[in-house]
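Just below is one structure, and these are the notes that go with it.
The values are calculated or read from the model by the stated rules, or taken from the named source; none is laboratory data. Quick caveat, the model's predicted, so the values are computed rather than measured. Note that we place each Cβ from the backbone using ideal geometry, even for glycine, and neighbour counts take in every protein chain shown. Heads up: the accessible areas ignore ligands, DNA and RNA and are worked out on the full protein's heavy atoms, side chains in. Shrake-Rupley method; radii C 1.70, N 1.55, O 1.52, S 1.80 Å.
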Amino acid sequence: MIKSELIAKLAEENPHLHQRDVERIVSTIFDEITGALAKGERVELRGFGAFSVKRRPARVGRNPRTGESVQVDEKFVPFFKTGKELRERLNDS
Amino acid sequence: MSGSTVTRAHLSEAVYREVGLSRNESSELVDAVLMEIADHLASGETVKISSFGSFQVREKGGRIGRNPKTGEEVPIEPRRVLVFRASHVLKDEINQGLLGRPART
């Protein structure tokens, strides 16, 4: 399923809403999550999962082809941990 | 990372502000969006949200695990796990926000 299919499905289930409202709802949700992570905040959605940001310190990496060392700068990576309820749902079918 | 935690209530509040539905309906719709995604994942389907990331269900085989405290062997059943792959847009937003630049490499 892709975002446009998600929007179409929700619009179908909520006939009193305009498609553009459903689009804004979905975009707002993911924009809020993105914005929170970009401030280093954690996003915890009970039953679904939690998004957080982990720091990867600077390190000296190596080009596996040439063996040459390269400086890799510090960076932050997003991380998702599946919530208990969703994890159980994935396995009870 | 430090800082406060964003919850379903914060998302509902944002939807209320941005879309202009009632608070109640905003909260119901946040739940409906997450529920819809969860339903598809539970059926084993991948869910892709452009410029955010994709959620994919992976099958893990069974293996023999070990209780790290007692050293006792315990069987781990085959199971399905969810993996999230962040899009480049999301990674860039995060590094732009926290480092003031996109991550290199």
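Return yes when B:PRO68 is touching a Gly at 6+ places or on another chain (Cβ under 9 Å), more than 7 Å from chain A (Cβ to nearest Cβ) and of a type outside the set (Ser, Thr, Tyr) and no when it is not.
Answer is no for this residue.
Starting from residues that are closer than 16 Å to A:ILE7 by Cα and among the small types (Gly, Ala, Ser), keep the ones in segment B:24-38 and report whichever is surrounded by the fewest Cβ atoms within 10 Å (Cβ to Cβ).
B:ALA32
Looking at the structure I just gave you, is B:LEU41 crowded, with 20+ Cβ neighbours inside 10 Å, within 17 Å of the chain's Cα centre (by Cα), at pLDDT 95 or above and among the aliphatic types (A, V, I, L, M)?
Criteria met by B:LEU41.
Looking only at segment B:52-97, count how many residues are closer than 16 Å to A:ASP31 by Cα and either surrounded by fewer than 15 Cβ atoms within 10 Å (Cβ to Cβ) or modelled with pLDDT under 95 (or both).
3
So which residues in segment A:67-83 are farther than 22 Å from B:PHE52 by Cα and open to solvent by 90 Å² or more (accessible area, probe 1.4 Å)?
Across segment A:67-83, the qualifying residues are A:GLU68, A:GLN71.
Provide a single number: the residues in segment B:38-63 that are more than 7 Å from every other protein chain (Cβ to nearest Cβ) and out of contact with any Pro (no Cβ under 6 Å at 6 or more places or on another chain).
13
Going by the conditions given, is A:LEU10 surrounded by 19 or more Cβ atoms within 10 Å (Cβ to Cβ), touching a residue at least 24 places away in the same chain (Cβ under 8 Å) and in a helix (DSSP H, G or I)?
no
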